[in-house]
Amino acid sequence: MDETPGLSDQYRMASPWPLFVALGIPISEIGILFDLFPVAVGGLLLFSGSVAGMSHESGYAKTPWRALVVLAAILLVAGGAVVFADVGLLTRGYAIAAAGAILLVGGVVGELVVGEGTEPY
């Protein structure tokens with residue numbers, strides 16, 4: 001008798017991405033709320049990288065690099081809007097824009113160096 005009926009070895013049991021998405025959101029919010037620049041940038045990097053990885057793993061994106069560039073563009077626009085609105089949240093806007101810039105560089109370098117790579121896990 002089989003211990004795990006109906007399950008196959010070809011399917012993974014769990015994905016690590018939801019945990020990192022769930023951690024990235026509060027970390028970035030804590031950094032943005034309390035004006036902690038490195039914490040905000042790190043949380044946004046964790047969140048965006050996890051979303052890009054999840055979209056690649058689920059098959060919605062061919063590579064995680066293009067999804068990363070799209071998320072970087074969204075963060076750059078949002079950070080720029082906060083900075084140029086000048087509502088007293090200047091450091092927070094810079095943190096969002098810095099995370100977008102780092103993701104943009106990572107996405108472009110990843111696309112050029114790694115390229116298509118292999119199929120999602």
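Readers should treat all values here as calculations from the given coordinates under stated rules, not as data from a laboratory. Just so it is clear, the model here is predicted, and its values are computed rather than measured. Cβ atoms come from the backbone with ideal geometry, glycine included; neighbour counts cover every protein chain shown.
Grab the beta carbon distance between residue 105 and residue 25, set R0 = 30 Å, and tell me the FRET efficiency rounded to 0.05. Walk me through the numbers before you get to the answer.
Working: r = 23 Å, r/R0 = 0.75.
E between residue 105 and residue 25, to the nearest 0.05, is 0.85.
Using alpha-carbon pairs under 8 Å, 6+ residues apart, how would you state the relative contact order of segment 17-113 in percent?
Numbers: 144 pairs, mean separation 25.8, N = 97.
After rounding, I find 27 percent.
Fully extended, how many nm does the chain gain between residue 78 and residue 58 (0.36 nm per residue separation, minus their Cα-Cα distance)? The partial results should precede the final answer.
Details: separation 20, 0.36 × 20 = 7.20 nm, distance 2.64 nm.
So the chain would gain 4.6 nm between residue 78 and residue 58.
Quick check on packing: order 69-78, 19-28 by the mean number of other C-beta atoms within 10 Å, highest mean leading.
Going by the mean number of other Cβ atoms within 10 Å, highest first, we get 69-78, 19-28.
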